[in-house]
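J.: Below is the structure I would like to discuss, written out as structure tokens.
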Amino acid sequence: MQSQQQKVIFSGAQPTGSMTLGNYIGAFQNWKQLEKDYQCYYSIVDLHSLTVKQDPETFRHTCLSFLAQYLASGLDTEKNVIFFQSHVREHTELAWLLNCYTYMGELSRMTQFKDKSEKHQENINAGLFAYPVLMAADILLYRSHLVPVGEDQRQHLELSRDIALRFNNIFGETFVVPDIHVGKQGARVMSLQEPNKKMSKSDENQNSVIYMLDEDDVIIKKLKKAVTDSYNEILDRPEQPGVQNLLSIYSALSGESRETVVASFEGKGYGALKMEVAEIIVENVKPFREKYRQYMENIHYLEKVYQSGANRARMAASITMEDVRKKIGLVSV
Ligand code: TYM
């Protein structure tokens, strides 16, 4: 049961074919840990994904498959509100209103916008530009106190805070100004091939990305190919970004501190490091894959989860929206 005092969390991920190890470590592991102490709204942010062209049939399947992956990561469906963003119309309504309190200059400084518009030069749409405002709406709608994300979302979170403060200054206390939560380990899981770049599903070199639906042998193969260096010593230092990345992954998945992990690899070679990291990834991915398959065989259950999630989310969202409409000066119906 939700207690009156319980603080609120909102977080979301874009539905893609398969969750990456970066998503899992940077976000989902922390979501699972935080669910005990917070009322959590975990959304599949399907509207955000429309900033890139999607084939309707494939997209519908991808969204359901992603819900199955949310559940496979072990989130409690009773305690948490798990839902599709597009099922709660208030997200787009609030996003429009907040657009009117966000400056073009702020949005053009967003590094993700700059990166993505460079990558998708044929489709630099207004949605891509206003993307962080929809994100702010997601968060502020539930009066969230905390937003657990990977490091790459920090700039968006700062903008959400600025928008909340600005709105509150004009209209009086309306939104909670949210804090960011990034994990101690794995807040930025790096590419296995170019360890100075974030691990990302859109990477052209697919050996750089581990997917939570990869088969064991594929994971082992990708780890064997992981780029390290020629120092031949397992040390935790910036000159060895490939090794550091493997140590972070191990630490995040084992729950052991970085110091303990580094000490346990003392005197071992890179081959052993890669194999042990591969093993611990497989240990996590295997049950994930199995649970995923079970959920995908039970679409009826998935429907129940997202319908109940939408109902619960709508209740909270409509209360905030009513307040916002009134404060802005819209005539009530
Ligand atoms: P998305 O879908 O790109 O990623 C989902 C979550 O995974 C984290 N993540 C990573 N963490 C560590 N290392 C990596 N290599 C890595 N790659 C991804 C992301 O930081 C994120 O936490 N804009 C968001 C989705 C969103 C959202 C929100 C998040 C929409 N509205 C409101 C929080 C609150 C995004 O595209 O995440």
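The values are calculated or read from the model by the stated rules, or taken from the named source; none is laboratory data. Because the structure is a prediction, the values reported are computed rather than measured. Please note: Cβ atoms are built from the backbone with ideal geometry, for glycine as well, and neighbour counts cover all protein chains shown.
J.: Determine whether LYS114 is away from the ligand (no atom under 12 Å from the Cβ), of a type in the set (Lys, Arg) and without any contact (Cβ under 8 Å) to a residue 12 or more places away in the chain. Walk me through it before giving the result.
T.: Values: away from the ligand (no atom under 12 Å from the Cβ): yes; of a type in the set (Lys, Arg): yes; without any contact (Cβ under 8 Å) to a residue 12 or more places away in the chain: yes.
Yes: the conditions hold for LYS114.
J.: Count, please, the residues in region 117-139 that happen to be within 10 Å of the ligand (Cβ to nearest atom) and hydrophobic (A, V, I, L, M, F, W, C). Talk me through it step by step, then tell me what you get.
T.: Residues of region 117-139 that are within 10 Å of the ligand (Cβ to nearest atom), as a first pass: 131-132, 134-139.
So of that shortlist, the ones also hydrophobic (A, V, I, L, M, F, W, C) come out as 134-137, 139.
Selection size over region 117-139: 5.
J.: When you scan region 308-333, how many residues do you find that are exposed (fewer than 13 other Cβ atoms within 10 Å of the Cβ) and more than 28 Å from ASN168 (Cβ to Cβ)?
T.: 0
J.: Can you confirm whether GLN39 is under 18 Å from LEU140 (Cα atoms), buried (at least 17 other Cβ atoms within 10 Å of the Cβ) and either in the same structural domain as PRO178 (by TED's automatic domain parsing) or within 15 Å of the ligand (Cβ to nearest atom) (or both)? I'd like the intermediate steps shown before the answer.
T.: On the way: under 18 Å from LEU140 (Cα atoms): yes; buried (at least 17 other Cβ atoms within 10 Å of the Cβ): yes; either in the same structural domain as PRO178 (by TED's automatic domain parsing) or within 15 Å of the ligand (Cβ to nearest atom) (or both): yes.
Answer is yes for this residue.
Rundown of residues vs (1) of a type in the set (Phe, Trp, Tyr); (2) in a loop (DSSP other than H, G, I, E, B); (3) surrounded by fewer than 17 Cβ atoms within 10 Å (Cβ to Cβ), yes/no style:
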position: ALA187; (1), (2), (3): no, yes, no
position: ASN196; (1), (2), (3): no, yes, yes
position: ASP203; (1), (2), (3): no, yes, no
position: ASP214; (1), (2), (3): no, yes, no
position: VAL218; (1), (2), (3): no, no, yes
position: LYS221; (1), (2), (3): no, no, yes
position: ALA226; (1), (2), (3): no, yes, no
position: ILE234; (1), (2), (3): no, yes, no
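J.: Determine, yes or no, whether SER200 is on the phi < 0 side of the Ramachandran plot and more than 17 Å from the chain's Cα centre (by Cα).
T.: Numbers: on the phi < 0 side of the Ramachandran plot: yes; more than 17 Å from the chain's Cα centre (by Cα): no.
Answer is no for this residue.
Each row is one residue, and each column tells you yes or no for (1) modelled with pLDDT under 95; (2) closer than 17 Å to LEU157 by Cβ.
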| position | (1), (2) |
| --- | --- |
| SER3 | yes, no |
| ILE9 | no, yes |
| PRO15 | no, no |
| LEU50 | no, no |
| THR62 | no, no |
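J.: Looking at this structure, is ALA130 part of a helix (DSSP H, G or I), closer than 17 Å to PHE171 by Cβ and touching a Leu at 6+ places or on another chain (Cβ under 8 Å)? Don't jump to the end; show me each part of the working.
T.: Details: part of a helix (DSSP H, G or I): yes; closer than 17 Å to PHE171 by Cβ: no; touching a Leu at 6+ places or on another chain (Cβ under 8 Å): yes.
The answer is no for ALA130.
J.: Same structure, new question: Which residue is farthest from GLY183 (Cα to Cα), if the candidates are limited to region 140-152 and must be surrounded by fewer than 22 Cβ atoms within 10 Å (Cβ to Cβ) and of a type outside the set (D, E, K, R)? Full working, then the answer.
T.: Initially, region 140-152 is screened for residues surrounded by fewer than 22 Cβ atoms within 10 Å (Cβ to Cβ), giving 143, 145-146, 150-152.
Narrowing further to those that are of a type outside the set (D, E, K, R): 145-146, 150.
Values: HIS145: 16, LEU146: 13, GLY150: 8 Å.
Only one residue fits best here, namely HIS145.
J.: Exactly one condition in (1) more than 21 Å from GLY105 (Cα to Cα); (2) more than 9 Å from the ligand (Cβ to nearest atom); (3) touching a residue at least 40 places away in the same chain (Cβ under 8 Å) is not met by GLU173; state its number.
T.: Answer for GLU173: the failing condition is (3).
J.: Separate question: Working only within region 159-185, note down all residues that are part of a helix (DSSP H, G or I) and out of contact with any strand residue (DSSP E or B) (no Cβ under 8 Å at 6 or more places or on another chain).
T.: LEU159, ARG161, ASP162, ILE163, ALA164, LEU165, ARG166, PHE167, ASN168, ASN169, ILE170, PHE171, listed by residue number.
J.: Taking region 236-275 only, how many residues are within 24 Å of the chain's Cα centre (by Cα) and in contact (Cβ under 8 Å) with a residue 40 or more places away in the chain?
T.: 10
J.: In addition: Out of HIS120, HIS61, HIS91, HIS87, report the one residue that is touching a Phe, Trp or Tyr at 6+ places or on another chain (Cβ under 9 Å) and either over 27 Å from MET315 (Cα atoms) or in the same structural domain as ILE44 (by TED's automatic domain parsing) (or both).
T.: Values: HIS120 fails: touching a Phe, Trp or Tyr at 6+ places or on another chain (Cβ under 9 Å); HIS61 fails: touching a Phe, Trp or Tyr at 6+ places or on another chain (Cβ under 9 Å); HIS91 fails: touching a Phe, Trp or Tyr at 6+ places or on another chain (Cβ under 9 Å).
Going through HIS120, HIS61, HIS91, HIS87 in turn, just one is touching a Phe, Trp or Tyr at 6+ places or on another chain (Cβ under 9 Å) and either over 27 Å from MET315 (Cα atoms) or in the same structural domain as ILE44 (by TED's automatic domain parsing) (or both): HIS87.
J.: For region 292-327, which positions are basic (Lys, Arg) and within 24 Å of the chain's Cα centre (by Cα)? Don't jump to the end; show me each part of the working.
T.: So in region 292-327, the residues basic (Lys, Arg) come out as 293, 304, 312, 314, 325-327.
ARG293, LYS304, ARG312, ARG314, listed by residue number.
J.: A further question follows. Output the number of the condition that GLU266 fails; it satisfies all remaining conditions of (1) surrounded by 13 or more Cβ atoms within 10 Å (Cβ to Cβ); (2) farther than 19 Å from ASN196 by Cα.
T.: Status for GLU266: all satisfied but (1).
J.: Name the pairs: first residue in region 278-298 and under 17 Å from GLN29 (Cα atoms), second residue surrounded by fewer than 16 Cβ atoms within 10 Å (Cβ to Cβ), Cβ to Cβ under 6 Å, at least 6 apart or on different chains?
T.: Within 6 Å, the pairs are VAL282/ASP216.
J.: Could you please find all residues in region 16-36 being more than 8 Å from the ligand (Cβ to nearest atom) and either closer than 17 Å to MET135 by Cβ or acidic (Asp, Glu) (or both)?
T.: Scanning region 16-36 gives TRP31, GLU35.
J.: What single numbered condition from (1) crowded, with 16+ Cβ neighbours inside 10 Å; (2) outside the structural domain of GLN39 (by TED's automatic domain parsing) fails to hold for GLU259?
T.: (1)
J.: Separate question: Out of SER257, SER264, I need the residue that is among the polar types (S, T, N, Q) and more than 30 Å from LEU71 (Cβ to Cβ). Which one? Spell out how you get there, then give the answer.
T.: Numbers: SER257 fails: more than 30 Å from LEU71 (Cβ to Cβ).
Of the residues listed, the single one that is among the polar types (S, T, N, Q) and more than 30 Å from LEU71 (Cβ to Cβ) is SER264.
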